[in-house]
Amino acid sequence: MPVLNIVLVEPQIPQNTGNVARTCAVTGARLHLVGPMGFAVDDRKLKRAGLDYWPRLDITYYKDRAAFFAANAGPFFYFTSKGLHRHTDLAYPDGAYLLFGSETAGLPEDLLAAHPGQCARIPMRRGERCLNLSNAVAVGVYEALRQWDFAGLESRGQLTGLPWREEV
């Protein structure tokens with residue numbers, strides 16, 4: 001199964017991080033949290049949003065951006081409302097890191113300017129700020145997984161009390 005890495009750089013809202021953790025748990029993506037964060041990892045709101053999923057996470061914490069980049073080689077893709085490319089126009093290889101900035105500031109512009117070819121924008125209406133962080137992560141995760149034909153994921157669900165009738 002290909003490896004997908006989700007990176008939150010300086011997240012500020014615990015509920016968003018909890019929702020991202022849940023997305024990572026159900027898809028098998030690895031979660032990387034880069035500080036400083038706007039909450040403690042044991043925050044009640046964080047745990048509540050991803051409580052049932054927290055033990056199943058592959059999660060790594062970093063003091064700051066320098067520590068993250070020193071420990072990881074990429075390839076990196078920077079999700080930003082300022083991106084030059086639609087997120088669906090980029091190809092995400094096995095081992096890709098999808099980086100998302102804080103809810104209040106996004107990713108630092110010096111980082112974006114240094115990597116214009118890897119800056120992904122989720123299309124939206126002109127003049128609007130951006131999607132909620134956890135929604136943006138879900139869009140990015142599922143585009144990468146779609147490109148990989150959802151490798152390793154179950155694609156067909158089951159009813160809990162009845163069998164499916166075969167389609168005619």
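Bear in mind that the values in this text are calculations on the coordinates, not laboratory data. Keep in mind the model is a prediction, meaning the values are calculated, not measured. Note that each Cβ is placed from the backbone with ideal geometry, even for glycine, and that neighbours are counted across all protein chains shown.
Here are some notes:
- In the chain, the longest principal axis of the Cα atoms and the axis of helix 14-27 are about 50 degrees apart.
- Database remark: amide H of residue 96 closer than 5 angstrom to the amide H of 5 (H placed geometrically; neighbours at sequence offset of 5 or more, or on other chains; Pro and chain starts carry no H).
- Cβ-placed point charges (K, R +1; D, E -1), dipole of the stretch 5-147 about Cα centre in debye, nearest 20: 360 debye
- Backbone amide hydrogens, once placed in the peptide plane, bring residue 64 within less than 5 Å of 35, excluding anything fewer than 5 places away on its chain.
- Local charge for residue 5 was computed over the other residues whose Cβ lies under 11 Å away, with Lys and Arg +1 and Asp and Glu -1, and equals -1.
- Couplings 3J(HN,Hα) of the stretch 99-105, computed from phi: 9, 10, x, 5, 5, 8, 10 Hz, in residue order, whole Hz [Karplus 6.51 cos²θ - 1.76 cosθ + 1.60, θ = phi - 60°; x for Gly and Pro].
- Rh (Kirkwood; distinct C-alpha pairs) - the chain, Å: 16.7 Å
- Residue by residue, the stretch 36-41 carries 3J(HN,Hα) couplings of x, 9, x, 7, 8, 5 Hz when phi is fed to the Karplus relation 6.51 cos²θ - 1.76 cosθ + 1.60 (θ = phi - 60°); x denotes Gly or Pro.
- In plain terms, the bigger the Kirkwood radius, the slower the diffusion; for the stretch 85-135, with that radius from Cα pairs, at 10 °C and 1.306 mPa s, Stokes-Einstein puts D at 129 µm²/s.
- 222 nm mean residue ellipticity, helices alone, for the chain (DSSP H n ≥ 4; -39,500 (n - 2.57); rounded to 500): -8500 deg cm²/dmol
- Helix 133-147 axis, angle to the chain major axis (alpha carbon atoms, nearest 10°): 60 degrees
- By DSSP, the beta bridges lying fully in the stretch 5-147 are antiparallel in about 5 percent of cases.
- Exposed loop sites are taken as GluC sites (Glu not before Pro) in a DSSP loop (any state but H, G, I, E or B) with at most 11 other beta carbon atoms within 10 Å; the longest stretch of the chain without one runs 1-127.
- On the basis of the beta-carbon distance and an R0 of 30 Å, residue 66 and residue 151 show a calculated FRET efficiency of 0.40.
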